[in-house]
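Some notes on the structure that comes next.
What follows draws every value from the coordinates through simple rules; no lab data is involved. Quick caveat: nothing in here was measured; it's all calculated off a predicted structure. No Cβ is skipped: glycine too gets one built from the backbone with ideal geometry, and neighbour counts run over all protein chains shown.
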Amino acid sequence: MSAGIERIKLENWSDCWVIHPPINLPGLISYFMEARYPAKRRPKYLNLLKIRQPLPAIVSILHRISGVLLFLPGIPLFLYGLQMLLQSPDTFASLQSNLAHPLCKLFLLLATWFFIHHLLAGIRHLMLDLHYGMQLEQARLSSKLVLAFGAILTALIGIWLW
């Protein structure tokens, strides 16, 4: 049979078009995929936990994490504390005794670091949006400053808290 297209009649079916010789569709797809993506240029599996991120990337990731943690558990806990504060003198005394516990103070210190880091990293991102600190050395310096000032301010508030 020669190569080409022919019309055949099947029992119980209407007319059907058949291509000769039959096409090996999986082979054809793999042929085009290998032509487009050669084996040496295919993407590799990247273990993101083994990749060493630069300091500006770490500060940016921490900025996102601190924003999420301030929003999801932070706002409901703050509103609950505000409700206890304003409800009655008994709930206010209960809130004061809960906040005096060392684990609660440690949690407040961590929440303070989330807030301070998010604030300072947000200012850093605003400066980057205004095209200040775009060079690599400036970006690294601003990342170091965000981490340093965040740690210093958190330590000062921790000293005041205890």
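Compute the length gained on full extension between F107 and S94: take 0.36 nm times their separation in residues and subtract their Cα-Cα distance, giving the result in nm to one decimal.
3.0 nm is the gain from fully extending F107 to S94.
Which distance in nm do the two modelled labels at L48 and I123 give, with both placed 7 Å along the Cα-to-Cβ direction?
Once both label points are built, they end up 3.0 nm from each other.
Could you pull out which residues in region 108-141 have an amide N less than 15 Å from a spot 7 Å beyond the Cα of A155, following the Cα-Cβ vector?
Correct set: 113.
What list of ³J(HN,Hα) couplings, whole Hz, do you get for region 132-149 from phi and the Karplus terms 6.51, -1.76, 1.60, once you set θ to phi - 60° and write x for glycine and proline?
9, x, 7, 5, 4, 5, 5, 5, 5, 5, 5, 5, 5, 5, 4, 5, 5, 5
P(r) for region 55-161: what percent of alpha-carbon pairs falls in each 5 Å bin, starting at zero?
Taking every Cα pair in region 55-161, the percentages come to 2, 12, 18, 19, 16, 12, 8, 6, 4, 2, 1, 0.
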